[in-house]
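The values are calculated or read from the model by the stated rules, or taken from the named source; none is laboratory data. Keep in mind that what you see is a predicted model, and the values were worked out from it rather than measured. Because the Cβ atoms are built from the backbone with ideal geometry, glycine has one as well, and the counts that use them run over all protein chains shown. Areas reflect the complete protein model, heavy atoms only, side chains present, ligands, DNA and RNA absent. Shrake-Rupley method; radii C 1.70, N 1.55, O 1.52, S 1.80 Å.
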Amino acid sequence: MRCSPQALPALALLVILPGSLFGITPALRPQEATQGQSLFQTKCAVCHTVSADRLIGPGLQGVADRRERAWLVAFIANPDQMVAEGDSLAVRLLEEYGMPMPNLGLTEAEAESIVDYLAVAEATTADESRPLAALPEGDPVIGSELFTGERSLENRGAACISCHDVAALGPLGGGSLAKDLTLAGSAYGSSLAALLETPPYPAMQAIYGSRPLTRDEVANLSAFLTGIDESEASTGSRFRFLAAGLGGMILLAGLAGVMWRGRLREVRKALIGERQ
């Protein structure tokens, strides 16, 4: 059957109109969105939801409409670089949430796929956004032993003290390679356990990726860290300052004794010689 040119517009409406009436729209980069969903769940869901609910970071519902796509891709791929370059929005987010978004080592293509997913994502359930909906009750004493390495982790991962410090450990403290966790309980709140079980930071992923913490260990470490309050942190800091000052005085006294020992011997010889 041949159609006249005048009939073509009407024919086009017959093709387009049913989809419009029933709300059928083409999917946005479906393959990339599927990959983005997988990446979001493994890399981002510890700190973010796709609903309006805030975890460690902001809820991302509607973020694809609020922010320019190019900015989102750049920030997901290189958040630290954007802060270093003084991007006003990146700096404002850092100031608002009190901690930088970690560089997760994502490529630009992976960041693109996450943005594709965010553009079509529906609000997820609490179980999807928060991997640890229900943990066993934690023991802060066991958590302290796990943190310091006094008690070994079941999967033989490194003790937290290797990289982290908390004021509750006393004058010797812990490592300084990573963030001080003295106030981690108040900073991360209910998201602390999720962060421990599914760490978003590349350094932690390298250490615990093949040697993950068990749920009991996550519960015990969370109990230990959330049990450290600000007054204890302040007391611990003052104690360390005093201990460091005392240690410095002892060290200087020892050095002075070594340096002056030979000189005093020569003075004694001179005095003895005069008396003879």
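Below, the figures for the structure above:
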item	result
Residue that is modelled with the highest pLDDT [pool: residues in the range 162-182 that are out of contact with any Asp or Glu (no Cβ under 7 Å at 6 or more places or on another chain) and surrounded by fewer than 16 Cβ atoms within 10 Å (Cβ to Cβ)]	Ser162
Subset of the range 73-105 (residues that are hydroxyl-bearing (Ser, Thr, Tyr) and within 23 Å of Ser186 (Cα to Cα))	Tyr97
Some residue of the range 229-238 being open to solvent by less than 70 Å² (accessible area, probe 1.4 Å) and at pLDDT 85 or above	no
